[in-house]
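Below: one structure, written as structure tokens.
The values are calculated or read from the model by the stated rules, or taken from the named source; none is laboratory data. From a predicted model like this one, the values you see are computed outputs, not experimental measurements. Here Cβ is always computed from backbone atoms with ideal geometry, including for glycine, and neighbour counts include all displayed protein chains.
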Amino acid sequence: MTSIEDRGVVTVGLDSPATTGPAVQWALEYARTRGAAVRLIAGRPYPGPAEQVRARVDDLVLLSRSTVPGLDVVGEVAAEPLGPALLAAAQSSELVVIGDRASRRHASDLRPTVDALVAWAECPVVVARSARWPNPEAPIAAALDGSDRDDAVLDTALELAARCVSPLVAIQLSPDGPDRATAARVATRLAHRERAYARVPVRFRAAVGPAAPVLLLAARWASLLVVGPPRADGVTRSVTHEAVCPVLVARRPSVAPGLAGLGGLIVSAPV
């Protein structure tokens, strides 16, 4: 069972003029462990003349290849805005990695477009504010609410934990107080996966209180936070914009009609 389809391409969005960023570093490490190729995409509006952007993308491709020798890395300068370019690329990607450079002092007007990608891309999306990577000392945290969303969250988190030799902390969210029914559903889902992921150390943690603060606190010690698709309560939006560790949104609904008209998208790393 896995919610990350084995398509073999990790797509990374690019934005401002610099070398590398946390999202590119995260994507390279993921691709290395996965045996996947990496596709770097820059789109309009270009941060300078198109020729310079092409040169920067080429430089970043060379740098990425030298960082992980043997990795297949390609670069693309799209003629369209970055948002539609990434949404289109998601259809043939197993993962899209983006960054969120916004801060409380410099709020990004591209955040609604980031939210759209997280909500509607046809593959999982990682928002990487840092390049923190799972390891035996840095657990992955999986946010579970007892719904059907938990299947994709658990499958994705356990698969990564197994590949990264990282422990997993399963966080049962109980915003309205202790919930035995939710705890039973979470326990059942974990039990069904015990044999397939027998070597992954799993700790269970019940968290009572509002979900967003609970998960933002978990992001301080987690190497990666795995959550389900956006919810009406805004929890996914809060953690993707504010968590200090990378956040993987495990499942996407189909792309909504007309979404390609949203224009540019905030991106993972500088071009």
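Some points to look at:
- Assessment of segment 218-241 against the conditions (modelled with pLDDT of 95 or more, assigned to a loop (DSSP other than H, G, I, E, B), surrounded by fewer than 19 Cβ atoms within 10 Å (Cβ to Cβ) and not β-branched (Val, Ile, Thr)) yields at least one matching residue.
- Filter pass, Val24 being surrounded by 14 or more Cβ atoms within 10 Å (Cβ to Cβ), within 16 Å of Pro124 (Cβ to Cβ) and modelled with pLDDT of 90 or more: no
- Scanning segment 28-55 for residues that are more than 18 Å from Ala85 (Cα to Cα) and not hydroxyl-bearing (Ser, Thr, Tyr) turns up Leu28, Glu29, Ala31, Arg32, Arg34, Gly35, Ala36, Gly48, Pro49, Glu51, Gln52, Ala55.
- Flag if Pro124 is not hydrophobic (A, V, I, L, M, F, W, C) and not assigned by the TED database to the domain that holds Glu29: no
- Check on Leu168, of a type in the set (A, V, I, L, M), at pLDDT 90 or above and within 18 Å of Pro134 (Cβ to Cβ): yes
- Scanning segment 134-160 for residues that are polar (S, T, N, Q) and either at positive phi or in the same structural domain as Ala218 (by the TED database) (or both) turns up Ser147, Thr156.
- Meets criteria (surrounded by 15 or more Cβ atoms within 10 Å (Cβ to Cβ), under 19 Å from Ala37 (Cα atoms) and modelled with pLDDT of 90 or more) for Pro69: no
- In segment 85-99, the qualifying residues are those that are surrounded by fewer than 24 Cβ atoms within 10 Å (Cβ to Cβ) and either charged (D, E, K, R) or at pLDDT below 90 (or both), and the one that is farthest from Ile41 (Cα to Cα) is Glu94.
- Here Arg132 fulfils each of the conditions (1) assigned to a helix (DSSP H, G or I); (2) modelled with pLDDT of 90 or more apart from (1).
- Which numbered condition Glu76 fails, given (1) at pLDDT 90 or above; (2) of a type in the set (D, E, K, R); (3) not in a strand (DSSP E or B): (3)
- Near pairs, Cβ below 9 angstrom, 6+ apart or cross-chain, from segment 173-196 (in a helix (DSSP H, G or I)) to any residue that is hydroxyl-bearing (Ser, Thr, Tyr): Thr182/Ser147; Thr182/Ser174; Ala183/Ser174; Arg185/Ser147
- Flag for Asp176 being of a type in the set (D, E, K, R) and over 25 Å from the mean Cα position of the chain (by Cα): yes
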